[in-house]
Amino acid sequence: MNSDNPSRGAKTSPGEPARVAPAAGPSTAKPAFRSYLWAFGLGTVLVAGSAALHVRSEYRKVMDEWQARQSSVADYRTQMISEWLKERQADAQDVAGEITVLRVLSPGPERGRMLVPARLTRELNRSLDRFAHVHGYPGVYVLDPQGRVVGHSTKAPELEVASLEASRLTARTGEPRIDLLGAVPDRRRVSFTYSVSAEETETDSTRSRPPLLGAALILADPVQTLFPRLLAESVPTRTGEVTLVRHDGNEIDYVAPLRLASIGATGMRRPHNAAALAARTALAGQKVFGEFQDYRGVSVLAATRRIPQTGWGLVGKIDRAEAFEQFRQMVIVEGLAVGLLGILLAGVLITHRRYVLTRVLDREEKKFRALLEAAPDAMVVVNQGGEIVLLNRQAEKQFGYRRDELLGKNVKNIILEGFAERLIADALRSAEDALAQEIGSGVELMGRRKDGSDFPIEIMLSPLKSAEGILVTVGIRDISERQRAGERVRQINTGLEARVSARTVELEVANKELEAFTYSVSHDLRAPLRHIDGFSKLLLEEHSPHLPEAARRYLALIRDATRRMGLMVDDLLNLTRIGRKELSLRVTGLNSLVEEVKHNLEPDMRGREIEWRISTLPFVECDPALMKQVFANLFSNAMKFTRSRQQALIEVGSEANDGCHVIFVRDNGVGFSMKYADKLFGVFQRLHRQEDFEGTGIGLATVQRIIQKHGGRVWAESELNKGAAFYFTLKAPENHRPEHPPVEGGQP
Amino acid sequence: MNSANVEILLVEDNLADVELTLHALRQEKLANHIEVARDGEEALDFLFCRGPHAGRTFENPPRLVLLDLKLPKVDGMEVLRELKQDPRTKAIPVVIMTASREEKDLIYSYQSGVNGYIQKPMEFDKFREVVKQLGLYWLVVNEPPPASAFRSA
């Protein structure tokens, strides 16, 4: 059998045997599967959980690392800027302490003189020029307290108003100042002003400050010296950047050129109140690290610092995307790994479950197939579409197909008609109904073999719940033999019936012939009897005077014999007539019937002492005319055989017996010997001599014939010389009972 | 015999019966004009005025037909039926006088329109009495059908 491949799925394709999973399969597989599910779920949760924890700690690590990096970058840059500023300021202080500066600005002995000697100015300018040249400043200036430039280096640009104002303030307050000049980052200058104070004298300066004479001012160029160092990176990144910011009115002014801004040197400004802006936090003086937005609106990891003495802020930042690039890759890799692991695990589980299920199914299916093969009938399992999904060897044999020729084929190929309708009817019912249905009783249909020959079958359907839905198991029995046997029985029966009816016809014919014969004999016998009687009579009447006495006696004897023969013929005729007559049954009260018969017999009772004892008799269903003959015969017999009795007694009564009425007529006459009882009811049977008791010997035969026609029985009991009793049975009518129970021996 | 004056047609095949019947009728002085037919065919020839009786007319039917049932050639029932089916003869009184008193014979006879049915009594005295009464009734007491009753249509 090629169908025992356990790896095959439950799905059926044509030509492939179905996997029939009986109800036992899932019940054993289910608990195991549930524990698999648990294990699988738990494993997945553990792996996913640890992956999540790992990712989380990695995230922390990344954050910490970047915090350290950005903080150090920010700190380093802040320090760098501070030092740069300090150095410039120190330079400004140096200028302010130059002797020539003092000389120029000090009133000295020639106080009140407003003009500085040209020689001194030249000397100052030379000194300033030298300083600017040595330190690389664009310009070095000395200003008087009114903010007028009293000396400057050569090529020094003209000072802006802000610088003049700053130096005036410094000259007045003695506070050094650092001021940022210029709107565009790459042309920015920073001015450092330092106050110039008079030389302290030991005499008048105990605690008082020396008077302020003016201010020294250095114009430094951050674009060349400071800004490039801001962006220099020890570890190169793609988006790492340090920005320097300050407040400018309501806006945040990005002081240094920006690495990532497309507009570059043209100056970047952002509203002061833009939330999440790292620059804002820096300007607020907070020294923090966190996630912020930069001037592009891009999410960044940033450390914020404030530059002392300046009111500037510094932001050391890197794009979050770059910062977490490795982390993201790690997360993706890890997620992929977890997913793969899950898939792998699920795959293993599914495979295992399928393997286990398949094994269970295999076992069940083997059992099922063994059962199927063991079945004495052809068995075919069809799905609800009528496709054959399974069959046993007997089915192959019975229909003459190979197994693979039938699998997947519609069952109509082998059961032509009647089956599909049943199947549809079954399918229309709910599955529960179909299952609840008892095994279908046999339905007789025709099956067709592969060679096209038909044979009678009986099918039995029973639904089966399986993995493929409701399947119907069809038991198919070849009933050819049974039908042949049935046919033989039918033939025999038909033959029997034919023979019986033929016999019956023969019997009826014989009966008819017999009766026709009797009738015709009786009929034809009457005519000569009449003639004998007629002519004897005429002879006596018309020729009596010429006849001797003996002749007249003979004629009388002839006439007597003729009369008796006439009676016999009449009785015989009557008997045959009863045989032919149809009963006309009526419910009849026997008492009134008996009275009528008795009344008709009164002429014969003349001169007799007869006591009649007539009990209450039942109502019976009978032919009244014939029943009268019965009683008339029995009564005249009773009267005849009690003739010798001084006191004759005739009793009529009835007994109930098994739904029948037993009627009897009893007399105290001469009776008869019971050894002749069997001759009593025969035609022409007589137990007495004719000269003792006249009679034709047909009366009791007539009684028997009538009672038998009523379905009853007649019999007699007697003891010689002590009387006789005649009994007969009659059926009680269906719904009629006598009002009084019969009273034995009671008077009517 | 002047067939025009026939009063009784006796249809009887048995000569003894014919003689006894005629004897009884004669005793009663009723047998002046009696025609005897010995079988059904003779009876029909007479009644339908054909064959040897072609000279007869339908206007002069017998006053009474005494008909036996068991007859040679054409039986009494057939005679009765033909008689009672023909408008020219159906008014003729017919009394069946036979040995049988079979119920089917009685039924059939009366359904065919018979006017009387008598079983010939066994004893001659009774037979004579019956014949006498028959003759008296049909020839004396009973009013015969008028001549127009024997015309067709």
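Tabulated data
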item: Of all residues making up the range A:508-521, the number that are more than 9 Å from every other protein chain (Cβ to nearest Cβ), in contact with a helix residue (DSSP H, G or I) (Cβ under 9 Å, 6 or more places away or on another chain) and open to solvent by less than 50 Å² (accessible area, probe 1.4 Å); result: 2
item: Residue A:302 in contact (Cβ under 8 Å) with a residue 60 or more places away in the chain, in a strand (DSSP E or B), of a type in the set (Gly, Ala, Ser) and buried (at least 16 other Cβ atoms within 10 Å of the Cβ); result: yes
item: Residue identified as at the interface with another protein chain (Cβ under 9 Å from one of its Cβ atoms) and either modelled with pLDDT of 85 or more or touching a strand residue (DSSP E or B) at 6+ places or on another chain (Cβ under 9 Å) (or both) among A:534, A:486, A:495; result: A:534
item: Filter result for residue A:286 (without any contact (Cβ under 8 Å) to a residue 24 or more places away in the chain, more than 15 Å from residue A:242 (Cα to Cα), under 60 Å from the mean Cα position of the chain (by Cα) and not in a strand (DSSP E or B)); result: no
item: Any hit, the range B:107-117, residues being of a type in the set (Ser, Thr, Tyr), open to solvent by 20 Å² or more (accessible area, probe 1.4 Å) and over 30 Å from residue A:576 (Cα atoms); result: no
item: Meets criteria (acidic (Asp, Glu), part of a loop (DSSP other than H, G, I, E, B) and within 14 Å of chain B (Cβ to nearest Cβ)) for residue A:582; result: yes
item: Which numbered condition residue A:526 misses (of (1) part of a loop (DSSP other than H, G, I, E, B); (2) within 11 Å of another protein chain (Cβ to nearest Cβ); (3) of a type outside the set (Asp, Glu)); result: (1)
item: Flag for residue B:20 being over 14 Å from the mean Cα position of the chain (by Cα), within 14 Å of chain A (Cβ to nearest Cβ) and either outside any loop (DSSP other than H, G, I, E, B) or surrounded by 18 or more Cβ atoms within 10 Å (Cβ to Cβ) (or both); result: yes
item: So residue A:614, is it at pLDDT 90 or above, surrounded by 15 or more Cβ atoms within 10 Å (Cβ to Cβ) and within 12 Å of another protein chain (Cβ to nearest Cβ); result: no
item: Conditions (1) more than 13 Å from the chain's Cα centre (by Cα); (2) crowded, with 22+ Cβ neighbours inside 10 Å; number of the one not met by residue B:129; result: (2)
item: Residue that is surrounded by the fewest Cβ atoms within 10 Å (Cβ to Cβ) [pool: residues in the range A:555-575 that are over 12 Å from residue A:529 (Cβ atoms) and in contact with a helix residue (DSSP H, G or I) (Cβ under 9 Å, 6 or more places away or on another chain)]; result: A:556
item: Segments classed as strands (runs of 3 or more DSSP E), wholly inside the range A:613-721, with at least 3 members that are free of Cβ contacts under 8 Å to residues at least 60 places away in the same chain; result: A:648-657, A:714-719
item: Considering residues of the range A:588-617 that are touching a Leu at 6+ places or on another chain (Cβ under 6 Å) and not polar (S, T, N, Q) only, the residue nearest to residue A:578 (Cα to Cα); result: A:590
item: Any hit, the range A:541-553, residues being within 12 Å of chain B (Cβ to nearest Cβ) and open to solvent by 40 Å² or more (accessible area, probe 1.4 Å); result: yes
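Yes/no matrix, rows are residues, columns are (1) at pLDDT below 85; (2) acidic (Asp, Glu):
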| site | (1), (2) |
| --- | --- |
| A:423 | yes, no |
| A:438 | yes, yes |
| A:449 | no, no |
| A:453 | no, no |
| A:464 | yes, no |
| A:473 | yes, no |
| A:482 | no, no |
| A:500 | no, no |
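The values are calculated or read from the model by the stated rules, or taken from the named source; none is laboratory data. Computed from a prediction, not measured in an experiment: that's the story for all the values here. We place every Cβ from the backbone using ideal geometry, glycine too, and count neighbours over all the protein chains shown. Note: areas computed on protein heavy atoms with side chains; ligands, DNA, RNA excluded. Shrake-Rupley method; radii C 1.70, N 1.55, O 1.52, S 1.80 Å.
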